[in-house]
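What follows is a short report on a single structure.
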Amino acid sequence: MTAMSSEASIFAPIRDPYYLETVVFKVENSLFKIPRFQFERHSGIFATTFSLPQSVEGAEGSSDKTPFKLDGIKSLDFRRLLGVLYPMTAVPKTPTLSKDEWISVLKLANLWDFIEVRNLAIEQLTSYAGSLDCIERILFARQFDVSAWLQSGYVELARRKAVVSAEEAEKIGWETALQICQLREAKTLSTASGKNPYEKIDLGDTFQAELKRADAAHEPLPAAPRIPAAPTMNIPPHATTSKDIDALTNAGVSKKPYTFTIGSSPSNEPASPSPNGGPKKSFPFKSGSSRLGSAPNGNAANPAFRFTSSLESFIVPPPPAPAPAAATAVPVASTSSSGGSGGTPGAASTSTT
């Protein structure tokens, strides 16, 4: 039994290099089952990943139920990469792909360090990169870290006749644009034979906007607008009722708050305090109102009315003090005798004083 086992082991088949192990990838919602040797051969990342120990049952990538998931990758880009790694032609050769397809290949080759595939994609895209203008070539080279495209873009930008525009500087970065300008300026100075080629440069209107902002920063503030004097209107002394005042305001005075001041001062001067020094009375109101009421009674002198433009008060002097009451006759009783004893004892006579 032991001899048979030894003999069987001697004649057991061995796995040839073309005994290819497969791996199942899931990209977006698509499954790809492919030989994994190209991934192990061209990418150190996948070679390290596949060499990690895994359980026999349910190993990642071993079946459709446990696929190796590639998150964040588009299935279209992955399929284009597989077209280069596993060409479907009868005799494998460099596939004929479009510019966009080669860009997809270069993108994933950069991501997973497929060095040979990356070099192939760069070679295929060099003619396309050469067709780009210098600014777009610089950006394209930065996206995929291709130094040859980057250098050719910088050289063309530095040697062209046109200056670097603000829009171009925004794209490639202001620091890079400044470095290009410094290179061009150094070249100009080296060929100037010791003379200053910029001595007679005219700035023109280049900095006019900034100069105007600087001038306007410390200009004196404009004077405040002068407020016109308040309109004044004298009301004749006989206008002592709200009806008379309303008639006057409707005749020409605008509907603004006014103060009617009633006093004994002349109409062209502010009203004086109450003649007898008593307290003033205030009646707030608005011009045009019919609720002023009548002027106070008892003002012997014709009151002077004055309009002012602020709503203050309706000031009137207090009514005069009442006059003292008239004297009243008081009866006085007196007792007198007529002829001594001739009169009636106790008889009273009344006299009016």
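The values are calculated or read from the model by the stated rules, or taken from the named source; none is laboratory data. This one's a predicted model, so the numbers in the text were calculated from it and none came from an experiment. When we count neighbours, we look across all protein chains shown, and the Cβ atoms used for this are built from the backbone with ideal geometry, even at glycine.
What is the one condition in (1) within 18 Å of residue 122 (Cα to Cα); (2) of a type in the set (Gly, Ala, Ser); (3) touching a Leu at 6+ places or on another chain (Cβ under 7 Å) that residue 158 does not satisfy?
(1)
Tell me which helices (runs of 4 or more DSSP H) are completely within region 144-223 and hold 2 or more residues being of a type in the set (D, E, K, R) and loosely packed, with under 10 Cβ neighbours inside 10 Å, or say none if there are none.
208-216
Can you tell me which residues in region 45-102 are out of contact with any Asp or Glu (no Cβ under 9 Å at 6 or more places or on another chain), surrounded by fewer than 11 Cβ atoms within 10 Å (Cβ to Cβ), farther than 30 Å from residue 124 by Cα and at pLDDT below 85?
Passing the criteria: 52, 53, 55, 56, 57, 58.
For region 34-114, please list each of the helices (runs of 4 or more DSSP H) lying entirely inside it that holds at least 3 residues being within 52 Å of the chain's Cα centre (by Cα) and either small (Gly, Ala, Ser) or closer than 25 Å to residue 139 by Cβ (or both).
75-85, 99-112
If residue 174 passes every condition in (1) without any contact (Cβ under 8 Å) to a residue 24 or more places away in the chain; (2) closer than 22 Å to residue 24 by Cβ but one, which one does it miss?
Answer for residue 174: the failing condition is (2).
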